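Please read the structure below before turning to the comments.
The values are calculated or read from the model by the stated rules, or taken from the named source; none is laboratory data. Here the structure is a predicted model, which is why all the values come from computation and not from measurement. So basically every Cβ, Gly included, is an ideal-geometry build from the backbone, and we count neighbours across all protein chains shown. Side chains are part of the model used for accessible areas, which takes the heavy atoms of the whole protein and leaves out ligands, DNA and RNA. Shrake-Rupley method; radii C 1.70, N 1.55, O 1.52, S 1.80 Å.
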Amino acid sequence: MYVQDKSIPIRRVDVTKNETTDHHELLELIALNRDKEAFEQLFVHFAPKIKALMMKQSSDADTAEDLMQETMLTVWNKADKFSKYRGSVSAWIFTIARNKRIDGYRKQGTKHYHDIEDLELSDDATDSEEQVISNERDRMVSDISKSLPPEQKEIIEMSFVNELSQTEISKTLGIPLGTVKSRMRLAYKKLRKSVEDVL
Amino acid sequence: MNINHHPDETTLISYAAGTLDEAFAVIVSCHLQICETCRETVRTAELIGGTHLEQSEEVPLSQGSFGRLLEKISVEPSTEINNQQSVGELTLKTKKPKHEWSELPLALQSYLKTNIEDIKWKRLAPGVSHHPITLSENANSSLRLLRIAKGKQMPEHGHNGHELTLILQGAYQDKFGTFAKGDIADLDTDVEHQPKVISEEDCICLSATEAPTKFKSLLGRILQPIVGI
Ligand SMILES: [Zn+2]
């Protein structure tokens, strides 16, 4: 963690700060004031992306639209829980969408994905300093994801976008399961390091 | 709870991506409740999901999409918040902090509507019994509680696929170390082991499998059709 290393990404945050900070602020407005206009802004940004993600994961347009609506409904209902999540807004919304997709697939009332923020004891709200760190972290993760070697990038995308299991990836690519795991580990290692460097 | 054995990093990443099959996801959820280290790993991996969502292409929404959502907001006064309260009540009733399991891990409670003492065990072999847990129709994995008597040594066996085991009570030992309450054994295909219960009480664990377990020894071969794991 050298100061020199930090200076570059921090400058980059200033350039792009507005958009991601806005998402934090929008969620706060929804949580505190039940602000429907703020909600609409968040909706306009995320809803078409959520629907696209749902469609990649093999649902038809109608199902994808329904799952997107359920996801955004949960964003509205649980906006006040976001501060406990301690991640980025997009990651939080990703987890909600992920859980909706899984629940939809299972078609059963049992809930085996317990949201991490429900398990957190800490009640500390995200202060502005944490917000900057979290925005910075987002940027790093995004940069790292883009700059991964193709064979690692492929595995990560198949996991997070196409939602294929390790076994399915191994079969699709015709490579041993062990190779899938080691590429996944390598990609995660880079990511984790970049996230830790920000802290 | 002093946790020494965690799920493999790739298991946690797959959990974050949402690609673990149901039985495995239940076990990871149970462990996350009590393990801050693994929660941190999952949270970090979820950042990847966030950036992929952010970079995703956009699909046109159906007409009047936001309007319909607004109607739902006014019609459904937050049923989800009520659900959370009921989870909170469970925790309050047992007066345990959230990061301890109160009787049973939260993720298991929704599947098993009973206490550990009231479980009806099915005997598989001397000193070994189990209680299969019903998952949803689409599940490609199976989940069961296993109860192994104190002092019992299981026959050496390998695994036909990924197997995840969470210790709920007691402890056992194998070549990988000692596994006690809260620990997870994350075993891959071809790993062979011969666990022995070393606690003063019976060892109870929750086990997720994707394929039948093949026992190596003669006893194992006899056991397998009986155990069915
Ligand atoms: Zn852990």
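Here are the numbers for this structure:
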| quantity | calculated |
| --- | --- |
| Some residue of region B:61-74 being in a loop (DSSP other than H, G, I, E, B), within 9 Å of chain A (Cβ to nearest Cβ), modelled with pLDDT of 80 or more and surrounded by 12 or more Cβ atoms within 10 Å (Cβ to Cβ) | yes |
| Filter result for residue B:9 (surrounded by fewer than 19 Cβ atoms within 10 Å (Cβ to Cβ), of a type outside the set (Val, Ile, Thr), at the interface with another protein chain (Cβ under 7 Å from one of its Cβ atoms) and within 11 Å of the ligand (Cβ to nearest atom)) | yes |
| Within region B:20-33, tally of residues that are within 8 Å of the ligand (Cβ to nearest atom) and either within 9 Å of chain A (Cβ to nearest Cβ) or closer than 23 Å to residue A:197 by Cα (or both) | 1 |
| Residue that is least open to solvent (accessible area, probe 1.4 Å), among those in region A:29-76 that are at the interface with another protein chain (Cβ under 7 Å from one of its Cβ atoms) and acidic (Asp, Glu) | A:65 |
| Qualifying positions in region A:56-72 - more than 17 Å from the chain's Cα centre (by Cα) and among the aliphatic types (A, V, I, L, M) | A:61, A:64 |
